[in-house]
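What follows is a short report on a single structure.
The values are calculated or read from the model by the stated rules, or taken from the named source; none is laboratory data. The model shown is predicted, which means the values in this text are computed figures rather than measured ones. Cβ placement follows ideal geometry from the backbone for every residue including glycine, while neighbour counts extend to all protein chains displayed. Protein only, heavy atoms only, side chains kept; ligands, DNA and RNA dropped before computing areas. Shrake-Rupley method; radii C 1.70, N 1.55, O 1.52, S 1.80 Å.
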Amino acid sequence: MIRFVIGLVTGILLVSLGWGLSPARGSSITPSPAFAAFSGTWTTHSGVLIVHPNGQGRIIFRTYRQCNGTIVTACDQWRGNLIYDGGFVKFTLKRVAGNTATGEVSNSAYSWATFTTIAVVLNRRKDTVNIRNAIRFQAPFCGPRAAPGTCGA
């Protein structure tokens, strides 16, 4: 029961802090032409990357660690057949050089990753992006035109 309540509270807090998959109603996102190529929703087998046109973004992903009585953060929560992803990274991109946008992590499920550098590397031909940062995402994130199977099952 305690684990469910913690998961529920965490979910409510994430939504109330603007972690939903779309911008909060009434929020103003000022687009920047520099980040247009990177913006959108990118998916992988175990997560989603969302980059807004103003360079703000987040990654929500599976940690593959189940929450229990001693593990209550950076862990996935199961409820029936549903899995609630326990990992997240919130970041702001600041500059673009070629096919790479770089910025800084402002919050993360892993406290040690906060205030580290993040790079989003675009592959237009494959319609994928790779993330380079302290958490080390192995698989690319795919756009809608990526070949089936490119970003996991």
Residue list for the range 58-73, restricted to those being surrounded by 14 or more Cβ atoms within 10 Å (Cβ to Cβ) and closer than 15 Å to Phe137 by Cα = Arg58, Ile59, Ile60, Phe61, Arg62, Thr63
Asp76 acidic (Asp, Glu) and at positive phi = no
Residue count for the range 18-39, restricted to those that are farther than 21 Å from Asp127 by Cβ and either within 12 Å of the chain's Cα centre (by Cα) or modelled with pLDDT of 95 or more (or both) = 2
Give the residues of the range 33-53 that are of a type outside the set (S, T, N, Q) and assigned to a strand (DSSP E or B), sorted by residue number.
-> Gly40, Trp42, Gly47, Val48, Leu49, Ile50, Val51
Residues of the range 40-52 that turn out to be open to solvent by 40 Å² or more (accessible area, probe 1.4 Å) and modelled with pLDDT of 95 or more, as a count | 2
Filter the range 54-85 down to residues that are part of a loop (DSSP other than H, G, I, E, B) and free of Cβ contacts under 8 Å to residues at least 40 places away in the same chain, then give me how many there are.
-> 12
Inspect the range 116-137 for any residue being in a loop (DSSP other than H, G, I, E, B), under 14 Å from Gly47 (Cα atoms) and among the polar types (S, T, N, Q) and give the result as yes or no.
-> no
Name every residue in the range 83-133 that is open to solvent by 50 Å² or more (accessible area, probe 1.4 Å), aliphatic (A, V, I, L, M), modelled with pLDDT of 95 or more and over 14 Å from Gln56 (Cα atoms), in order of residue number.
-> Ala97
Out of the residues in the range 52-77 that are within 14 Å of Phe88 (Cβ to Cβ) and among the aliphatic types (A, V, I, L, M), state the one that is nearest to the chain's Cα centre (by Cα).
-> Ile59
